[in-house]
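Have a look at the structure below, then the notes.
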Amino acid sequence: MAIAFEGELNEEQYAAVISQSPTNLILAGAGTGKTRTLTYRVAWLIENGISPENILLLTFTNKAAREMLQRVEALTGLVSNLFYGGTFHHICQRLLRRHLENPNFAILDEDDSLALFNDAIKSVSPDFAKNKNNPNPRLLYEIMSFSRNTMRSVPNIIEEKYSYMADYGGMLKLFMGRYESIKAEQNVMDYDDLLSNFVQLLEEKPDIAEYYNGQFQHVLIDEYQDTNPIQLKMIDLIAKNGQIFAVGDDAQCIYTWRGANIKNIIEFPQKYPRTKVTKVQVNYRSTPEILDFANEIPVSEKVEYTKILKSTKNSFRKPLVVSVLDARQQANFIVKRLIGLRSEGYPLSEIAVLYRAHYQSMELQMELTRSDIPYTITSGVRFFEQVHIKDILAFLRFIINPKDARAFVRILCRFPRVGESTAERILLSLQQLVEITKKDLFSLLEAEEIIKKIPATALEYWWPLARVLCGLYNGSFDFRKDEQKSRQNGDLFAYVQKKQEEKISFENIGEMIFFILEGEYGDYLRRTFANWQPRQDDIEAFTNFCNKFRDISELLQQVTLLQSESNEENLDNKENIRLSTVHQAKGLEFSVVFILSLNENNFPLRRTIEEGDVNEERRLFYVAVTRARREVYLCVSNQAIIDYKKGYFPIALQRSRFIKEIDEGCFETLDFAKKNKPIYSRRWSGRPDSK
């Protein structure tokens, strides 16, 4: 049965679907039916005599590919396996198997790829991993992967993103060469090979490129703004005649940090002069008020790409800008509003809290746990369960309890070739020496008897760790009790002077954490993780939370309780509020969206401001706002506690420039901070009438 294209599509979608131009760029705004436009384009091509094998549909996720192919099958009646459709990597591996001499190659997953890369390192330099000053193999692997996907040289990437590793470019090149040799010997490919090897095949064998240029008369590409250089190169080789139907949104280009290049979509009409540009702007997701706000966000880097989204929904509330005192009150406001939303009939699964960086959700996670409100995190694990936060907590646990074997094992097992049994044996030796000498454990860390127990491969790691542990022990004290003693003595100045003479160096727990971070642990982060900077941001934000406690035991007790009260019975419950970074929320939609910490240095992040380019941050803000169907709450804090070197003091925060850029008529305001009343947590009843 023929499809009534004009009746089933809106005017803009229909114009895009039936375009006769050989090259098309469809600028589809948020919520405008991008998937519908693509699938109907495939159906229209079929109805106009194009065979399924002459159509190539490229997507970025398996989920998107499945959804589109299922819709095409439902529309056309043709089974989906007749089409060439799937992710870039899926299509590449499918076509590679046609042309390679040995097509039965295995595809390595990430863990296997990293293990093989480690083998390559050991083959080239057996002692490389033993030197604590050398970067972690995973970090080198990620640099190599970024280099291949962006088609940039390793030295160039190191200079731009990892300048502290300038001396390792030559060594990494050797490791990469050996890694390639091992893969060839074993007839395996990693995920990046699928793209790079297919591109290499097309470049080295023009006849194959010409064949596919003839076969794929129509190349349809989803989320074109997210293409990286190697993907763009593949498209160039396989669609030399410009037979491209690219669907994307420059306003939602938010993945340049992993290789995407916004220039690919911005410069598309210049690259393909016969391009027809069609805008799809009718939005089926959000209310007019939300779209009025979103349309005010200056996201387009090219004036002619500006889109004005038009809503098909009924009018509802304007976005609400909420002023709160600080992150704690922000969490209190959200919990209070959640109770209200629940009473209004919203299921928790229809509510999301979005944020720029994971640490910004810390206070909210605690408040939700206290209030027994179930939540799911799609931006990673819960804040206090992150590896780097648990590492810091292990230091603090061991300082106040040297018998805490698990804490000691965690601290030591970060080092190469140190396993749990080795760490446990070292701790046992320390404890035995304490019994013999009657000295404290920390004064014995560098004792000759203990040094003999340290494996030779880990000895150079031991010295800086011992200095950090000794420094923490000698500089820490029970802050609350000492404060009480100082008051009892009456002479605060004399008391502080006495403490200084005793070489007490830490005024609060936050300073202890910075001592850990500025010591060997900071070096460990930088040489181990490609995303070390966000992890360091998490730890720095964690110091503000810690400074609310005047002794370490109270802090650890609070964190443990929060973890144990996480409501295991709710883990598989779909009735959870969603907590997510904006990046992880792209492609999703919710009835209600809260956006956290809309302050300068938080959203946009300080790093992007210092680098002088906040355009991608602005696009992130646009993505966050357009996830909402009915209600948006934009939270702005008036102050933060960041002067961790001198104590627990507030400083004023500025409202994010992203809100200042919006016409005030597009939103309402609520001064929640003005009430200045503590909001106490209540246990979540789960009933719609909860107050």
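The values are calculated or read from the model by the stated rules, or taken from the named source; none is laboratory data. Just so it is clear, the model here is predicted, and its values are computed rather than measured. So basically every Cβ, Gly included, is an ideal-geometry build from the backbone, and we count neighbours across all protein chains shown. Accessible surface is based on the protein model in full, side chains and every heavy atom, while ligands, DNA and RNA are left aside. Shrake-Rupley method; radii C 1.70, N 1.55, O 1.52, S 1.80 Å.
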Scanning segment 321-332 for residues that are over 17 Å from Ile659 (Cα atoms) and surrounded by fewer than 24 Cβ atoms within 10 Å (Cβ to Cβ), the one farthest from the chain's Cα centre (by Cα) turns out to be Leu325
Which one is surrounded by the most Cβ atoms within 10 Å (Cβ to Cβ) among residues in segment 296-320 that are of a type outside the set (Phe, Trp, Tyr) and farther than 30 Å from Val277 by Cα?
Pro319
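Every residue, every condition in (1) open to solvent by less than 70 Å² (accessible area, probe 1.4 Å); (2) over 24 Å from Asn228 (Cβ atoms); (3) not polar (S, T, N, Q), yes or no:
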site: Glu101; (1), (2), (3): no, yes, yes
site: Asn118; (1), (2), (3): yes, yes, no
site: Ala129; (1), (2), (3): yes, yes, yes
site: Asp167; (1), (2), (3): no, yes, yes
site: Lys173; (1), (2), (3): no, no, yes
site: Leu194; (1), (2), (3): yes, no, yes
site: Leu202; (1), (2), (3): yes, no, yes
Answer from Leu670, Leu620 - the residue that is part of a strand (DSSP E or B), more than 28 Å from Phe549 (Cα to Cα) and modelled with pLDDT of 85 or more
Leu670
I'd like the full set of residues that are within 30 Å of Ile308 (Cβ to Cβ), modelled with pLDDT of 90 or more and in a helix (DSSP H, G or I), limited to segment 36-64.
Arg36, Thr37, Leu38, Thr39, Tyr40, Arg41, Val42, Ala43, Trp44, Leu45
Any idea which residue in segment 505-562 is surrounded by the fewest Cβ atoms within 10 Å (Cβ to Cβ), counting only those that are under 23 Å from Tyr461 (Cα atoms) and of a type in the set (S, T, N, Q)?
Asn531
If we scan segment 632-646, do we find a residue that is aliphatic (A, V, I, L, M), surrounded by 17 or more Cβ atoms within 10 Å (Cβ to Cβ), at pLDDT 70 or above and in contact with a Lys or Arg (Cβ under 6 Å, 6 or more places away or on another chain)?
yes
If I ask for residues that are assigned to a helix (DSSP H, G or I) and under 19 Å from the mean Cα position of the chain (by Cα), which ones from segment 528-555 would you list?
Thr528, Trp532, Gln533, Pro534, Arg535, Gln536, Asp537, Asp538, Ile539, Glu540, Ala541, Phe542
Residues that are out of contact with any helix residue (DSSP H, G or I) (no Cβ under 7 Å at 6 or more places or on another chain) and among the small types (Gly, Ala, Ser), at least 2 per element: which helices (runs of 4 or more DSSP H) completely within segment 318-416 meet that?
327-343
Residues (under 23 Å from the mean Cα position of the chain (by Cα), of a type outside the set (Asp, Glu) and not in a loop (DSSP other than H, G, I, E, B)) located in segment 238-263
Gly248, Ala251, Gln252, Thr256, Trp257, Arg258, Lys263
Regarding Thr256, is this residue out of contact with any strand residue (DSSP E or B) (no Cβ under 7 Å at 6 or more places or on another chain) and within 22 Å of Ala65 (Cβ to Cβ)?
no
Somewhere in segment 405-423, is a residue among the hydroxyl-bearing types (Ser, Thr, Tyr) and open to solvent by less than 30 Å² (accessible area, probe 1.4 Å)?
yes
